[in-house]
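> Supplied in structure tokens, the structure appears directly below.
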Amino acid sequence: MGNRKWVVLAAFSSVAMISQMLWLNFAPILGYVQSRYAVTESLASLLIIVFPLLYFVLSIPAGAWIDRSGYHTPVAAGSLLQGVASLVRIYDHSFVVLVIAQTAIAVAQPFIVNGISKLATEWFDESQGAIATGIGTMGMFFGMALALAGTPVLVENFSFRTAMIVFGILSMACAIFFVLADPKTNPQFQTVSNKSTLRSLMPILKNKTLLLIFTLSFLGLGFFNGLTTWLELILAGNGVSARDAGLAGATLIAGGVLGSIVIPALSDRFKRRKPFLIGCVVMALIATYPFTAQSSLAALLVIGAGLGFFFLPAYALLLEMCAEVAGEAHAGSATGLLMLAGNAGGVVVIAGMDAVKGEVTGYYPSILFMLGVLFIALMGSTIVRETHGAHTSN
């Protein structure tokens with residue numbers, strides 16, 4: 001079973017990658033979508049905003065289903081749904097059809113990505129928990145980078161429909177890979193049954209450590225979503241083109257892919273979570289302003305890769321800390337709440353950055369707003385307790 005667990009993790013990472021890729025496909029080509037379908041910027045952005053909005057509704061039910069039945073069935077169902085919906089996007093003659101397809105993919109997303117903590121606790125022991133979670137989240141980051149860097153290239157060099165065909169085939173291939181590679185459960189693991197009713201969630205909601213971890217997710221994912229959403233316009237104020245801004249964003253995420261392997265592995269090696277979490281936030285505080293103030297593409301790529309390498313692994317650490325405190329029986333529900341908090345943070349920070357930007361000062365106040373979010377996150381990371389070896393809901 002030693003090698004099988006890595007195959008299962010790779011299969012999960014592939015469908016998690018697809019989930020994030022399909023979410024951000026339209027982020028770097030919103031202007032093209034507006035002109036192609038003659039819709040407003042607000043309507044075009046529905047293709048992206050529908051994802052965090054539906055997470056509010058579906059994250060807790062997804063976590064409850066994962067706790068009740070295990071991760072395999074929800075992840076498999078979500079993977080197949082997003083695969084079919086991605087093929088629907090090939091019909092590119094109607095913006096309404098495109099929105100319906102994106103909505104179906106958004107419905108599938110929480111049932112896929114919320115399964116990572118349950119999978120990690122079922123297949124990997126405590127000494128490999130963070131690296132397993134890191135590889136799972138690495139797939140998500142790789143999907144984001146693929147969407148930001150790959151979509152404009154496919155659309156510009158081939159066509160919009162060709163891009164949808166490529167992503168649709170890739171989506172179905174990864175869904176089939178997961179269904180065939182994952183044997184539904186680890187035969188050497190005894191699943192802890194949990195009905196995941198509202199009453200069973202109360203120990204999670206009353207746990208101060210978990211509530212602080214959820215708050216850190218709110219702040220951390222809020223910062224990340226705010227930065228990636230407004231990055232093109234922030235860098236445009238420095239004279240950076242949309243293509244270069246997209247490349248900088250993809251490099252930031254690519255750095256996060258590497259960091260999500262290295263930093264969680266070090267966390268497992270030293271059997272500590274908290275110091276690495278603090279380090280991730282400190283490095284983000286140091287790198288964010290230099291990154292957003294650059295006009296040089298070379299500097300953007302270097303600083304962006306460093307920012308991604310050190311900050312994005314914080315997400316994997318928070319997922320593992322959440323699972324360690326909640327325990328196996330509540331891992332799915334706790335992960336769902338953590339994701340819910342993170343998506344809520346994304347909506348709030350994105351709106352906040354838009355609200356504070358000035359006609360004269362541009363996005364400078366928005367950058368300060370992001371730094372304020374990171375500072376609060378740093379304060380929270382210094383007071384959260386170490387969770388390695390916890391596995392308790394007390």
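> Using Cα pairs under 8 angstrom and six or more residues apart, how large is the relative contact order of segment 243-394, in percent? Display every interim value, and only then the final one.
On the way: 173 pairs, mean separation 49.8, N = 152.
With pairs under 8 Å counted, the relative contact order is 33 percent.
> Turning to a different aspect of this structure: Among His93, His330, rank each residue by its count of other Cβ atoms within 10 Å, from fewest to most, as a rough exposure measure.
Working: His93 8, His330 28.
So the residues, fewest neighbours to most, are His93, His330.
> Would you compute, from DSSP H runs of 4+ residues alone, the mean residue ellipticity of the chain at 222 nm, taking -39500 (n - 2.57) per run and dividing by the full residue count, rounded to the nearest 500?
Working: 16 runs with 314 residues, N = 394.
So the helix-based figure for the chain works out to -27500 deg cm²/dmol.
> Under Stokes-Einstein, with the Kirkwood radius over Cα pairs standing in for Rh, what whole-number D in µm²/s applies to the chain at 25 °C and 0.890 mPa s? The partial results should precede the final answer.
On the way: Rh = 20.8 Å.
Answer from the Stokes-Einstein relation: 118 µm²/s.
> Please report the spacing between the Cα centers of segment 60-128 and segment 11-44 in Å, no decimals.
17 Å
> To continue, here is another question. Between segment 245-287 and segment 319-394, what is the C-alpha centre distance in whole Å?
15 Å
> Another question about this same structure. Using the Karplus equation 6.51 cos²θ - 1.76 cosθ + 1.60 (θ = phi - 60°), what ³J(HN,Hα) coupling, rounded to whole Hz, does each residue of segment 114-125 give in order, writing x for Gly and Pro?
With coefficients 6.51, -1.76 and 1.60, one gets 6, x, 5, 5, 5, 4, 5, 6, 7, 9, 10, 7 Hz.
> For a test of the definition: using alpha carbon positions, the gyration tensor, and the 1.5 limit on a/c, classify segment 1-78 as rounded, prolate or oblate. If you can, show how the numbers build up before the last one.
Numbers: a/c = 4.72, a/b = 1.92, b/c = 2.46.
Note, shape of segment 1-78 comes out oblate.
> Beyond a 31 Å Cα-Cα separation, which of these cross-linked pairs lie in this structure: Lys208/Lys271; Lys5/Lys206; Lys118/Lys357; Lys271/Lys357? Intermediate results must be reported in sequence, preceding the final value.
Values: Lys208/Lys271 22 Å; Lys5/Lys206 33 Å; Lys118/Lys357 40 Å; Lys271/Lys357 42 Å.
Table pairs above 31 Å Cα-Cα are Lys5/Lys206; Lys118/Lys357; Lys271/Lys357.
> Another question, then. Taking other Cβ within 10 Å of each residue's Cβ, how do Glu324, Glu122, Glu386 sort, fewest first?
Taking fewest neighbouring Cβ atoms as first place, the list is Glu386, Glu122, Glu324.
> While we're looking at this one, here's another question. If R0 is 30 Å, what FRET efficiency do you get for Arg269 and Val302 from their C-beta distance, rounded to 0.05? Numbers along the way, then the final one.
On the way: r = 27 Å, r/R0 = 0.90.
The pair Arg269/Val302 has a calculated efficiency of 0.65.
> Can you bin segment 60-154 into rounded, prolate or oblate? Criterion: square roots of the alpha carbon gyration tensor eigenvalues sorted a ≥ b ≥ c, rounded for a/c under 1.5, prolate for a/b above b/c, oblate for the rest. Don't jump to the answer; show the numbers that get you there.
Numbers: a/c = 3.44, a/b = 1.59, b/c = 2.16.
Oblate, because a/c is 1.5 or more while a/b does not exceed b/c.
Throughout, read-outs are computed from the coordinates displayed, never taken from laboratory work. From a predicted model like this one, the values you see are computed outputs, not experimental measurements. Because the Cβ atoms are built from the backbone with ideal geometry, glycine has one as well, and the counts that use them run over all protein chains shown.
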